[in-house]
């Protein structure tokens, strides 16, 4: 305590406090105690405790859920990337990092920091959480997701952390995260993205609950998500799970991935129901099997479009078909319809109608059609 000045020049530090030799009539042994107390109080109030490696403070967080108002914003391609199942704590740490990326940021911060105390729950041993956070960091250093490239539309694995940066690490309870700069297009300056609340997310005890909360948050304005069973299996990192005698057990897949999630999400803004879609698989005789799933949100947070825009002569018929049949969200219609133009939209609808009549109809209309529509809209805007 005697030698620490918390980043303030020594001569200035003692000037501020004016107490190097003077004790103001207080006995010296008591004065030392009071001096220490007031210096620490000053340091806390003015955020002087800095990480020694730079001038960026170790950020305090409250993930206990009462007054928290933090959101994660990420591109749809991040939400629908192929993510490996990791520990609950690792998932929470990554979401805590993502919540610090703000809407008006034009780049990642040089690093993001947390302390183990940010993740301690009531009744949890401090010793155990230190060990758990260290294990989670080790897990995150190897973590990579399979993303679809926004420009080439090809898939590629990307590490989440930039472990080549010397600042990225764990030291005495402080975890320092440096994000892979290749991920910037998926989290910075977004025009089409998913948002979800940490208020609920940080309370989940199941990885499947956390994953479904992310995915369902992409459909909060429509309240409806229809997905092919094989795609769902991949999104939930279950390609090699829930099989019997070498065959996929889709009933068990649905049960194991949604049973706990239904209970945990019931009190949140993403409370949902799920139904199976039955059909015959090609080349497989016998009774119908599960070919897809339909998720319905109980609390739809629909974005409204003005009546004038809906009833405009050039919009009304195409709007109804795009929104009602092909599940294009109202937000995407407002943002990209005019840029694409009626002629191009009608051509797109012809292609989708033909696809619907073929032997390969669009199963996941919400995901597929919105992705195509947004892609066309962005290209149209770039040309203008």
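The values are calculated or read from the model by the stated rules, or taken from the named source; none is laboratory data. None of the values given here were measured: they were computed from a predicted structure. In this analysis, Cβ positions are derived from the backbone assuming ideal geometry, glycine residues included, and neighbour counts consider all displayed protein chains.
Summary of computed values
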quantity: Filter result (buried (at least 19 other Cβ atoms within 10 Å of the Cβ) and assigned to a loop (DSSP other than H, G, I, E, B)) within region 242-271; calculated: 268, 270
quantity: Helices (runs of 4 or more DSSP H) (entirely within region 166-241) containing at least 1 residues that are touching a residue at least 40 places away in the same chain (Cβ under 8 Å) and within 13 Å of residue 73 (Cα to Cα); calculated: 184-187, 198-201, 207-216
quantity: Residue match in region 309-322 (condition: part of a helix (DSSP H, G or I), modelled with pLDDT of 85 or more and either outside the structural domain of residue 223 (by TED's automatic domain parsing) or under 22 Å from residue 376 (Cβ atoms) (or both)); calculated: yes
quantity: Residue in region 369-382 that is in a helix (DSSP H, G or I) and farther than 23 Å from residue 148 by Cα present; calculated: no
quantity: Which listed residue is surrounded by fewer than 21 Cβ atoms within 10 Å (Cβ to Cβ), modelled with pLDDT of 95 or more and under 29 Å from residue 70 (Cβ atoms), from 208, 193, 213, 224; calculated: 208
quantity: Filter result (in contact (Cβ under 8 Å) with a residue 60 or more places away in the chain and farther than 29 Å from residue 230 by Cα) within region 326-377; calculated: 335
